[in-house]
1. Determine by what factor the alpha-carbon radius of gyration of region 53-138 differs from 2.2 N^0.38 Å, reporting the quotient.
2. Given H placed on each backbone N at 1.01 Å, which residues far from residue 132 in sequence or on other chains put an amide H within less than 5 Å of it?
3. Residue 108 versus residue 75, label points 7 Å from Cα toward the beta carbon: distance in nm?
4. Within region 43-181, what whole-number % of the accessible surface is contributed by carbon and sulfur, with the 1.4 Å probe and all protein chains included in the calculation?
5. Report the gain in length on full extension from residue 174 to residue 31: 0.36 nm times residue separation, minus Cα-Cα distance, nm rounded to one decimal.
6. Can you tell me the FRET efficiency between residue 45 and residue 119 if r is taken as the Cβ-Cβ distance and R0 is 41 Å, rounded to the nearest 0.05?
7. Listed highest first by mean packing, meaning other Cβ atoms within 10 Å per residue, what order do 125-135, 75-85 come in?
8. Which cross-chain or sequence-distant (5 or more) residues have an amide H under 5 Å from the amide H of residue 159, H modelled 1.01 Å from N in plane?
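The values are calculated or read from the model by the stated rules, or taken from the named source; none is laboratory data. Because the structure is a prediction, the values reported are computed rather than measured. We place every Cβ from the backbone using ideal geometry, glycine too, and count neighbours over all the protein chains shown. Note: accessible area is taken over every heavy atom of the protein model, side chains too, but ligands, DNA and RNA are not part of it. Shrake-Rupley method; radii C 1.70, N 1.55, O 1.52, S 1.80 Å.
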Amino acid sequence: MALNLRKLGLPSFVLAGIILASAIFPLLVDMGSIVTSEFFDGIKDQGAPYCPGQSFYTRDVFLNVLDQYPEFGQTGSDDDSKREIAAFFAHVTHETGSLCKIEEDNKEVYCNEPKYDCIPGKSYYGRGPIQLTGNGNYKRSGDDLQFDGLNSPEQVAQDPVLSFRTALWFWKTNVHSVVNNGFGETIQAINPGEYCTKFGVEPDQNLSC
């Protein structure tokens with residue numbers, strides 16, 4: 001049964017505030033009912049047993065970190081929200097080998113943005129659920145999340161909370177705005193033309209979910 005606010009006898013300015021708030025802040029998708037334990041553990045079950053990510057990546061940490069990223073999976077219709085969540089975990093599954101790897105195998109320095117100093121002895125290879133890569137991304141995420149990304153990039157592979165925060169930071173910064181343009185756009189945002197460049201071809205039309 002629908003609730004008739006006028007029958008509650010609330011002042012008109014309160015009614016107006018409730019209506020305005022409902023327009024600005026629509027009913028949110030219940031993330032816990034979508035990213036269930038079965039869903040999260042199902043990804044892990046596809047990975048190698050006893051790999052580092054098995055105990056590092058947890059559903060509870062992911063859900064707790066979401067409080068700091070209220071726009072994630074909350075844009076558009078319910079289906080749009082589910083598509084974004086699906087796209088995120090598709091990339092996470094790919095990047096980490098089903099939530100198995102905390103760090104990428106290729107331990108290059110990745111000092112690819114000259115305007116940011118690279119610290120001797122530090123490497124900026126992929127770490128975390130989205131495999132944050134490059135000195136620039138470590139610098140910018142460090143500034144936004146208040147950790148020293150250039151001097152201590154290894155923190156992303158040591159702290160599960162920070163690890164998921166950097167993944168969602170990268171998603172918010174680079175991917176969220178294009179997620180409804182098709183899954184292909186999310187691939188471009190995370191690994192822009194990486195394999196097409198190697199093969200000397202241009203990316204084709206967007207893929208769809």
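1. Numbers: Rg = 15.3 Å, N = 86, 2.2 N^0.38 = 12.0 Å.
Taking the Cα Rg and dividing by 2.2 N^0.38 Å, one obtains 1.28.
2. 127
3. Calculated label separation equals 2.9 nm.
4. Numbers: 2950 of 6530 Å².
Using a 1.4 Å probe with all protein chains present, region 43-181 comes out at 45 percent carbon and sulfur.
5. Values: separation 143, 0.36 × 143 = 51.48 nm, distance 2.11 nm.
Computed gain between residue 174 and residue 31 is 49.4 nm.
6. Details: r = 38 Å, r/R0 = 0.93.
That gives a FRET efficiency of 0.60.
7. On the way: 125-135: 24.0, 75-85: 15.7.
Packing order, densest peptide first, comes out as 125-135, 75-85.
8. Excluding prolines and chain starts, which carry no amide H, there are no hits.
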